[in-house]
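Heads up: the structure comes next, in structure tokens.
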Amino acid sequence: MVLAGPALNVTFPTQPPASALANIIDDHFIGISYELSSFDTLWGKSVDKQPTAMQNYMHNLVARMSKPLRVRIGGNGMDGSTYVPDLKDVIEHIDEDAYFNDIPVNFGPGFFDILNGMSNKVGPMQFTIGLSMRNGHDFSNVTKLGKAARDKLGSRLDSLFLGNEPDLYAGHGERDAYNISAYIPEIGHAIDALEDAGALQANEKLVGGPTICCSWDLHDILDAGLDQYPYKYYSLQRYPNHACSGQNEKNTNVTYYLTHANVEPYLGWQQQGMLQAQQLNVPVVMSEYNSVACGGSNISSTFAMSLWAVDVGLKAASMNYSAVFLHTREFEIQYNLFDPPSPLTSTEPGWRTGSPYYAALFLSEFTSPGGTVVVDLNLNNSITSPYATVAGYGIYSDSGTRREKLAFINFASEPQVFILPRDFAQKVVYKFLVAPDVLERTNISWAGQTVGNNGDLEGDEQLIQMNCENGCRVTVPGPGAVLIALANEALYTGNSTIVGIGSYLSGATVPYSCLPGLLFVFAALVTLLY
């Protein structure tokens, strides 16, 4: 058991420090990243029968943002996959014995139909598509994919990311003795080829990269010449631990993830390059993150990871990241945000919600339409103290000019009291993210609601109001997190479920509000038959 500390006095400055104003984030900071190989088991194999659970999972996020939900399809598998323009299936598996962390497939134009179909059903989305750099001498398939993405997605295409973890190409045997000096001119050739194919316009900012994870530094890549190209984003991806050789003491140590002081070193590994990016006015995004690389470990589906993923998201917003993408993969990967009943039954109810999805719900609500600035309040010296059991963030709206929200995380097993000063706000409204224990896997709730087996939020939404004119005390259950708004309208309210289980009976989309009536009719028919 981790004990909570004494009540903490919270100081929330009227204005953020000048340095924080350099990173004003948009109202779609959290995105979702997918591996390609399992995409059709999650988003469907045809537009007319896309899993209603996934529609709900995605709409829960879309409804909480004023800008399109960011969706990335990439990863190692996509880097080794081939776009086949005349393929009839969405995805075709080509190697039954493929290494589970790098599954290559063929995929066709139906892939883009699935993307558009989901956005048509759910609401605004913008897509990032991964392009391979594994073959630096032949970009013919890269250009076919890039042109198809542009033509099929249109304004929904946000970016084309060139290469996935090129710093590991040599170590994984993809390229011989590959280094930054070889990489930079190949980027130039790839961009030229994309322009010649009509996938890019001259000097158009649509490309992202380098999507490094491990062995190269962003500042070295920029200094070597990447800064000469018209990049829309510079992308990084990072996991704090990995299980590529199985579980061990390090990747199963839940205490690491419950220590706020570990988050800044994890996110700040490319600080010099990020400062250069800021000077170049190019946003930096975390193109994928989750708890433990290579599929997770036995702690990856616990509530501890809900809290950790929230902490990472908020800290990233305070450290010059413009967006972060939580990553999810094929069936039964331990850190997944969601899983269908089986890879073959995704159009049926019985989906399982992973603990990181609750972090996505939380992170979809902390930003605001007018631009958001986030500051780590360093409560109880939590930025550096390994003994602190809390984290706290001040969240400013209107491009940093107005205090709007607070976020507190309590990693302890006991309740933690946060004291807000007088004349801070007339009243506050807040939501809790809670579970009975940091090792809990299913009994997790956001604002009193738990995600059901159709991606729907079950239970009554709970928003707590408190008078705070003379100061107030907010008690956060242990373990748990809270998002506090200084104005009613700053938090989402409403029902974000859009389709019900009944829609599986015919494959058509049935509004959730119609479901009780549909089930009543179905029950009546059964009664008549028997």
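The values are calculated or read from the model by the stated rules, or taken from the named source; none is laboratory data. Bear in mind the structure is a predicted one, so any value in this text is a computation, not a measurement. Quick reminder, even Gly has a Cβ in these numbers, built from the backbone with ideal geometry, and neighbours come from all protein chains shown.
A compact table of results
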{"read-out": "Qualifying residues in the range 85-118 (those that are aromatic (Phe, Trp, Tyr) and at pLDDT 95 or above) - the one farthest from TRP43 (Cα to Cα)", "value": "PHE107"}
{"read-out": "Selection from the range 4-60 of residues that are of a type in the set (A, V, I, L, M), within 30 Å of LEU379 (Cβ to Cβ) and touching a Gly at 6+ places or on another chain (Cβ under 9 Å)", "value": "ALA4, LEU8, VAL10, ALA20, LEU21, ILE24, ILE25, ILE30"}
{"read-out": "Checking PHE100 against (1) under 21 Å from ARG175 (Cα atoms); (2) in contact with a Gly (Cβ under 8 Å, 6 or more places away or on another chain); (3) surrounded by 15 or more Cβ atoms within 10 Å (Cβ to Cβ), the condition it does not meet", "value": "(3)"}
{"read-out": "Number of positions in the range 464-486 that are crowded, with 16+ Cβ neighbours inside 10 Å and over 24 Å from VAL254 (Cβ atoms)", "value": "6"}
{"read-out": "Pairs where the first residue, in the range 254-279, is without any contact (Cβ under 8 Å) to a residue 12 or more places away in the chain and the second is outside any helix (DSSP H, G or I) and surrounded by fewer than 17 Cβ atoms within 10 Å (Cβ to Cβ), C-beta under 9 Å, 6+ apart", "value": "THR255/VAL2"}
{"read-out": "Residue count, the range 310-361 (criterion: under 18 Å from GLU35 (Cβ atoms) and either free of Cβ contacts under 8 Å to residues at least 24 places away in the same chain or not hydroxyl-bearing (Ser, Thr, Tyr) (or both))", "value": "23"}
{"read-out": "Residue match in the range 435-456 (condition: surrounded by fewer than 21 Cβ atoms within 10 Å (Cβ to Cβ), under 25 Å from the mean Cα position of the chain (by Cα), among the basic types (Lys, Arg) and not in a strand (DSSP E or B))", "value": "yes"}
{"read-out": "Scope the range 185-196; condition crowded, with 18+ Cβ neighbours inside 10 Å and touching a helix residue (DSSP H, G or I) at 6+ places or on another chain (Cβ under 8 Å); matching residues", "value": "ILE187, ALA190, LEU194"}
{"read-out": "Residue, nearest to ALA317 (Cα to Cα), within the range 3-58, restricted to residues that are charged (D, E, K, R) and not in a loop (DSSP other than H, G, I, E, B)", "value": "GLU35"}
{"read-out": "Residue under evaluation GLN201, criteria (1) part of a loop (DSSP other than H, G, I, E, B); (2) surrounded by 14 or more Cβ atoms within 10 Å (Cβ to Cβ), criterion not met", "value": "(2)"}
{"read-out": "Every residue from the range 59-97 that is in a loop (DSSP other than H, G, I, E, B), surrounded by 17 or more Cβ atoms within 10 Å (Cβ to Cβ) and among the basic types (Lys, Arg)", "value": "ARG64"}
{"read-out": "Within the range 213-267, helices (runs of 4 or more DSSP H) holding 2 or more residues that are acidic (Asp, Glu) and over 18 Å from the mean Cα position of the chain (by Cα)", "value": "218-224"}
{"read-out": "Matching strands (runs of 3 or more DSSP E) fully within the range 282-398 where at least 1 residues are within 17 Å of TYR257 (Cβ to Cβ) and under 16 Å from the mean Cα position of the chain (by Cα)", "value": "284-289, 321-328"}
{"read-out": "Close pairs from the range 12-35: first in the same structural domain as GLU288 (by TED's automatic domain parsing) and among the aromatic types (Phe, Trp, Tyr), partner crowded, with 19+ Cβ neighbours inside 10 Å and in a loop (DSSP other than H, G, I, E, B), Cβ under 9 Å, at least 6 apart", "value": "PHE29/MET65; PHE29/SER364; PHE29/PHE366; PHE29/THR367; TYR34/GLY75; TYR34/ARG329"}
{"read-out": "Residues of the range 148-196 satisfying the condition of being acidic (Asp, Glu) and either free of Cβ contacts under 8 Å to residues at least 12 places away in the same chain or not in a helix (DSSP H, G or I) (or both)", "value": "ASP151, ASP158, GLU165, GLU174, ASP176, ASP192, GLU195"}
{"read-out": "Single match in TYR396, TYR430 (criterion: within 29 Å of ASN320 (Cβ to Cβ), crowded, with 23+ Cβ neighbours inside 10 Å and touching a residue at least 40 places away in the same chain (Cβ under 8 Å))", "value": "TYR396"}
{"read-out": "Subset of the range 1-20 that is hydrophobic (A, V, I, L, M, F, W, C) and over 29 Å from SER413 (Cα atoms) - its residue that is farthest from the chain's Cα centre (by Cα)", "value": "ALA18"}
